[in-house]
Each structure stands twice: as structure tokens, then as C-alpha cells.
Amino acid sequence: MKIEVWTWGTGGPFGRELGASSSRRRRGHTATSILISEEGDGSGATAHCMIDAGAPAVESMIEKGISSPDILFLTHPHFDHISDLDRLANSRMRGLMVREGVRDIEEAKGLFGPLAVVGAGDCINHPADGVRARFGYLEGLVSWKPISAYDTWHSVHQEDAAGRGNGSVEIYRASEERGGCITEITGEVGRAFSSVAQSGSRTDGLLPLEFKLLPVSHSKHAPGSSIFVFRFREGVIGQGMPGEEWEDAPTINVVISGDFKSMEDWVVDSHDLLDPACLVLDTNTIIACGKYHASFQENKSLIDRWTTGDEEVLVLLNHISGFGDYVEGFYDGVPDDRDWQEAVDGYAPKPKVTVRIAEDGGCYRIK
Ligand SMILES: [Zn+2]
Ligand SMILES: [Zn+2]
């Protein structure tokens, strides 16, 4: 199994400052992709899970030759995390049409089905601030999948991806009696249909992956703000429904935070956050402690808490802004890349822990 984490945009909510210094690297809004494929598999079969959809993620993915996502997870409904959702839904469907020689959009909707959009219940459905309140018109191109239960493993299972590229994706809540393994459906969240990789390639079974949401505090206009834990099990890729063989399979966790200022102790202490293979972390400022985002100063203690030093962990600092550092007087201007690098270089994490600034279009192989 090969897992790559791609980071798109990686900038703060407002990007660079218009009319001010251009010394800072170009960074757009935030999005992350996890690409999973079979090691040495020449079929090009790849499962693509996208987390957040800040612009210009779609253009960046096209430039890098990345296939459409099978499923989109949203950490919260702030604009800088959903600003490319319209583009993503439309561009994906049109990409499928062109690739498969379908000329009628209504026919295409029947053939390929909508993109599954997964988030906490309020993130999707909050009447004022939920993503559906803003992008409800995309129904048909997307399929909304609100998740009602925090701290509960869910499974994404891809049934059949043969044929014209319309593999079905289903989301199940895990059975707790089975240690998180799914041998029975204890509460179906929803059924989604999603396209998968290249036509003609059999990617069924590349998913399943499992995921859970943990709640975080961000801002009052970001209902359902969550951190995502993704769990991949080695050796079970390509199999059908998860069964007993899953219980002994080694796991690889990837943790993706959206924006957060703080989280409750039980979340910080969650065993699922310990020693992930990759941790993508909202790190908005270097020193300044604003109201809505964690700073690098604060995140250092989280990184120390979530790593033991016994496992390889790649930490990617994301959502880079630094504007608060300027406002609070820690820097004379908005910190540029050199300032950020100096801050990172001045931090000594535990052994086997690597801390890097996530790059726009960066690809990080973690397995
Ligand atoms: Zn944000
Ligand atoms: Zn936000």
C-alpha cells in the first residue's frame, strides 16, 4: 500500500495582503488530498480522499494530474475551506463526461452519481452557516452526508468500480462490540455514489478506509468544526466488507485538522491522535494567540503530546498566515517564509518526528 498526502493552498483565511509586500510565498485557501494505491500496481488505480476544498485546489490538482476525489470530507463550513466546492463538483462531472464520451449532463448524473460530501451534522446542515445553506444548489452533483456521531469509527466501502467509473461508496457506522470493525451495519449514515480513478481499472476494494470526527472549538460561525482521524489497515486493501481479518491488521493513522483554537481534554487525550503517520495541523501564526486559530507556539505542546518519539511522524504545518504576529507586534511585517522556517528550525521535536511547513502543491509520501 502506498499513501501520499498532498497539500493545496495551505494559506490562511485571507491569503496574502493586497498591496503589501509580495515577499511571502503564494498560498491560496486550504485543501488536502490523501491518495491511496497498491504498491507496484501498474493499473494506475488510485483512491482519492479530499479534505476541504479551498480554492484554487481544483486548478492545482489539474496541473498535477490528480484524478477526481471519490469523497470529500469537510472540517467546517468556513469559506476558505469550501470556496472551490462549486468548481470541484462541476469540474469533476465534466471531467467524467469528457473522459467517457458522454455529452448530456443529465445522463452523466445518472451514470456517474454525485460527489459524496461528508462532515459533522451541523457543518452540513446548520440552517444559517452550514455548507448546504450556501451550496444547496449543487444537489445532484454532490450528495450531502452529515455524520451525527463524534468519536465513532465510520467505514467508507467501495463496492464496485468496474465499468464506466461509477463505483458506489457507502458509509457505515462501526460496530463497537467488534472493536471498531464492521461485521454488521449498526447505523447506516448514507449511501453515496462516486466516481473512481481511471475507466476500465478495477479499483473496488481500494477503499475501505475508516474515519472518525473529533470536535474542536473554532468560531461561532463554524458549526460542527472537527478534526478528522483516518485509519488505513495494511493487508486488507482489495478485500470486500471488513471482517475479522481486519482486527489484527496493522493500522496507519492520518490526522487532518481543520481550523481550531482549542479542544476539550478528552479530545486532546484521545488515543487515536497518538503517533499518526502524518499530522496536518492548523498553525495560523508563529507566536500570536488570536481568538480562532492555534499558533505554532501552542501547537508545539500538542505535537509533543501526540508523539512518543518511538514512531515516525510527519507533521505538516498548514493554514499559514502570520498576520496576527504582525498585529500583535511580534514582527515588523507579516512573517515571510524565512521567519516561519526559523521558527521551525528553533523547535526540537521528539526523535522520529519531522515538522515541516506544508507547501502549496506539496506531495508527502508517508507509506
Ligand atoms: Zn480556515
Ligand atoms: Zn475557519
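What follows draws every value from the coordinates through simple rules; no lab data is involved. Since we're looking at a predicted model, the values are computed, not measured. Cβ sites come from the backbone with ideal geometry, for glycine too, and all protein chains shown count toward neighbours.
Among residues other than residue 310 whose Cβ falls under 11 Å from its Cβ, what is the net charge (Lys/Arg +1, Asp/Glu -1)?
Numbers: positive: 350, 352; negative: 275, 311, 312.
In short, -1.
Please give the net charge around residue 137, taking every other residue with its beta carbon less than 15 angstrom from that of residue 137, where Lys and Arg add +1 and Asp and Glu add -1.
Working: positive: 87, 109, 132, 134; negative: 86, 139.
Neighbour charge sum, excluding residue 137 itself: +2.
Please compare each pair in 300/350; 261/300; 64/145; 64/352; 145/212 to a cut-off of 21 Å on the Cα-Cα distance and tell me which ones are over it. Could you put the intermediate results ahead of the total?
Details: 300/350 11 Å; 261/300 14 Å; 64/145 28 Å; 64/352 29 Å; 145/212 14 Å.
In this structure, 64/145; 64/352 exceed 21 Å between Cα atoms.
In whole Hz, with x marking every Gly and Pro, tabulate ³J(HN,Hα) for the stretch 314-328 from phi via Karplus 6.51 cos²θ - 1.76 cosθ + 1.60, θ = phi - 60°.
9, 9, 10, 7, 10, 6, 5, 10, x, 5, x, 5, 5, 4, 8
What list of ³J(HN,Hα) values in whole Hz, one per residue of the stretch 17-24 in order, does the Karplus curve 6.51 cos²θ - 1.76 cosθ + 1.60 (θ = phi - 60°) give from phi, with Gly and Pro shown as x?
8, 5, x, 9, 4, 9, 6, 7
Using only the alpha carbons of the stretch 296-356, what is the convex hull's orientation-averaged projected area in square nanometres? Could you put the intermediate results ahead of the total?
Values: hull surface 16.5 nm².
With every direction weighted equally, the projected area is 4.1 nm².
Go through 47-56, 12-21, 116-125 and give me the packing order, highest mean Cβ count within 10 Å leading.
The densest-packed peptide leads the list: 47-56, 116-125, 12-21.
Using the number of other C-beta atoms within 10 angstrom as an exposure proxy, rank 221, 29 with the fewest first.
Working: 221 12, 29 26.
With the sparsest Cβ surroundings first, the list reads 221, 29.
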